[in-house]
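I have placed the structure first, in the form of structure tokens, so that the comments after it can refer back to it.
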Ligand code: NAD
Ligand code: TYD
């Protein structure tokens, strides 16, 4: 079986793509981009609409005749098989996942089931369908993963594609497992795969359980800003639309069997980032400088909290020419403005199941 990464002979152009998790944060940006950049492409979005998935994220594309939404679970092999029969996909872009580390600490099995078994189900159906149709050479299974599979860095160094896997949380362990299963299908069955591992994303439509939208929401509402431990953990932040652009480049030009780290060399300590958000949000709301600083509340640290993530994206840059398009200041300002202008979205996504989870896990921390 072919196992050495190899370039496509020319940029790929697909007929129909199955995108999983398209109603979530990154998936919705990716679908919007694919419809903009691929005029002939049919896009089928398979999403279970968990608490993190919201069709409002894609309201602007739902009437596009090239776009179809299907509510369903990636673990449902029968459903996925019937979608392959109906739409004759030549590409899968797999983003569906349980994605939040804190939730994975509370509910580890849900992460193992969706992220490992769900990925394995998709791989198996794709292998069968593409083998029967004899189209492995033209097809692509693209698995979207995270830099968290590499574990935690000390003060120095960056994650590269050859950094050994060392996941620490149930979330990162489940994503690491799914990466291994994807590679196993490539090496064992010749499934044409590509994987990318990205750093922390931020931008519009991100569910407010993650640091940046949670803090923006709480600064607006003047609620406590819970900082885990001493706030000295470091994350490497990338604007979601730059991630979507990288995914598009890898989808069309990525080498089969290859792995691409995606990141913007943009490291921030959590405490410094929260101060930056306070500055931007308070200024936009016409509050005095430093008005919301007193909301900062140091809370019990996350169990097994990874200290530092930082990505070396030079392989992606040199092989496919991708670089981030915005500075952090620009991306963060744009992001804050989006949340301030879309408070109805915030109300809608937090009014259901999540409200109960939030009340139980976060509301009274301090
Ligand atoms: P998200 O939680 O916002 O969205 C996940 C989507 O998957 C939701 O729409 C949800 O309804 C759907 N989903 C969950 N379980 C499903 C199932 N069993 N069947 C079908 N659909 C299901 O996540 P996100 O932040 O957009 O992340 C998308 C992908 O990118 C994930 O695979 C994640 O691991 C990866 N990633 C995320 C980040 C980040 O910073 N957010 C960074 C690197 C990689
Ligand atoms: P998060 O957005 O959950 O992403 P990840 O855990 O995948 O990196 O968290 C980013 C960082 O912010 C992480 O170090 C944990 C920290 N954090 C807080 O300090 N307080 C919070 O309320 C949250 C959600 C995260």
Any idea which residue in the range 73-88 is farthest from ligand 2 (Cβ to nearest atom), counting only those that are surrounded by fewer than 24 Cβ atoms within 10 Å (Cβ to Cβ) and not in a helix (DSSP H, G or I)?
88
Given the condition surrounded by 19 or more Cβ atoms within 10 Å (Cβ to Cβ) and near ligand 1 (Cβ under 10 Å from one of its atoms), answer yes or no: does some residue in the range 148-160 qualify?
yes
Failed condition for residue 286, given (1) surrounded by fewer than 18 Cβ atoms within 10 Å (Cβ to Cβ); (2) over 29 Å from residue 343 (Cα atoms), with all others met?
(2)
For the range 41-52, pairs from a residue that is under 17 Å from residue 16 (Cα atoms) and in contact (Cβ under 8 Å) with a residue 40 or more places away in the chain to a residue that is away from ligand 2 (no atom under 16 Å from the Cβ) and not in a loop (DSSP other than H, G, I, E, B), with Cβ under 6 Å and 6 or more apart or across chains, are 42/16; 44/18; 44/68; 44/87; 46/20; 46/70
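Being assigned to a helix (DSSP H, G or I), over 27 Å from residue 164 (Cα atoms) and out of contact with any strand residue (DSSP E or B) (no Cβ under 8 Å at 6 or more places or on another chain): is that true of residue 271 here?
Taking the combined requirement at face value, the residue does not satisfy it.
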Hey, residue 273 buried (at least 20 other Cβ atoms within 10 Å of the Cβ) and closer than 17 Å to residue 327 by Cβ or not
yes
Counting just the residues of the range 236-252 that are in contact with a helix residue (DSSP H, G or I) (Cβ under 7 Å, 6 or more places away or on another chain) and not in a helix (DSSP H, G or I), which one comes out farthest from ligand 1 (Cβ to nearest atom)?
239
From the option list 172, 145, 199, 204, single residue qualifying as within 16 Å of ligand 2 (Cβ to nearest atom), over 28 Å from residue 108 (Cβ atoms) and modelled with pLDDT of 95 or more is 204
Answer yes or no as to whether residue 116 is in contact with a helix residue (DSSP H, G or I) (Cβ under 7 Å, 6 or more places away or on another chain), over 30 Å from residue 335 (Cβ atoms) and part of a helix (DSSP H, G or I).
yes
Which condition breaks for residue 80 when tested against (1) more than 21 Å from residue 185 (Cβ to Cβ); (2) within 16 Å of ligand 1 (Cβ to nearest atom); (3) in contact with a helix residue (DSSP H, G or I) (Cβ under 7 Å, 6 or more places away or on another chain)?
(1)
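For every residue, the table says whether it meets (1) modelled with pLDDT under 95; (2) under 21 Å from the mean Cα position of the chain (by Cα); (3) part of a loop (DSSP other than H, G, I, E, B).
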position	(1), (2), (3)
338	no, yes, no
347	yes, no, no
355	yes, no, no
366	yes, no, yes
Filter the range 12-24 for residues that are within 16 Å of ligand 2 (Cβ to nearest atom) and surrounded by fewer than 24 Cβ atoms within 10 Å (Cβ to Cβ) and give the result.
none
Checking residue 56 against (1) modelled with pLDDT of 95 or more; (2) not in a strand (DSSP E or B), the condition it does not meet:
(1)
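Please determine, by comparing only the residues of the range 209-218 that are farther than 15 Å from residue 276 by Cβ and near ligand 2 (Cβ under 9 Å from one of its atoms), which one is surrounded by the most Cβ atoms within 10 Å (Cβ to Cβ). Talk me through it step by step, then tell me what you get.
Taking the range 209-218 and keeping what is farther than 15 Å from residue 276 by Cβ, we get 209-210, 217.
Pick out the ones that are also near ligand 2 (Cβ under 9 Å from one of its atoms) and you get 209-210.
Numbers: 209: 21, 210: 18.
Applying the filter and picking the extreme gives 209.
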Part of a strand (DSSP E or B) and either in contact with a strand residue (DSSP E or B) (Cβ under 9 Å, 6 or more places away or on another chain) or at pLDDT 95 or above (or both), is that true of residue 177?
no
Which ones in the range 102-115 are near ligand 1 (Cβ under 10 Å from one of its atoms) and touching a residue at least 40 places away in the same chain (Cβ under 8 Å)?
103, 111, 114, 115
Given (1) touching a helix residue (DSSP H, G or I) at 6+ places or on another chain (Cβ under 6 Å); (2) touching a residue at least 60 places away in the same chain (Cβ under 8 Å), identify the lone condition not met by residue 291.
(2)
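Let's see how each residue does on (1) touching a strand residue (DSSP E or B) at 6+ places or on another chain (Cβ under 8 Å); (2) closer than 17 Å to residue 339 by Cα; (3) touching a residue at least 24 places away in the same chain (Cβ under 8 Å); (4) crowded, with 18+ Cβ neighbours inside 10 Å:
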| site | (1), (2), (3), (4) |
| --- | --- |
| 191 | yes, no, yes, yes |
| 199 | yes, no, yes, yes |
| 203 | yes, yes, yes, yes |
| 221 | no, yes, no, no |
| 224 | yes, no, yes, no |
| 236 | yes, no, yes, yes |
| 240 | yes, yes, yes, yes |
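The values are calculated or read from the model by the stated rules, or taken from the named source; none is laboratory data. Keep in mind it's a predicted model, so treat the numbers as computed, not measured. Cβ sites come from the backbone with ideal geometry, for glycine too, and all protein chains shown count toward neighbours.
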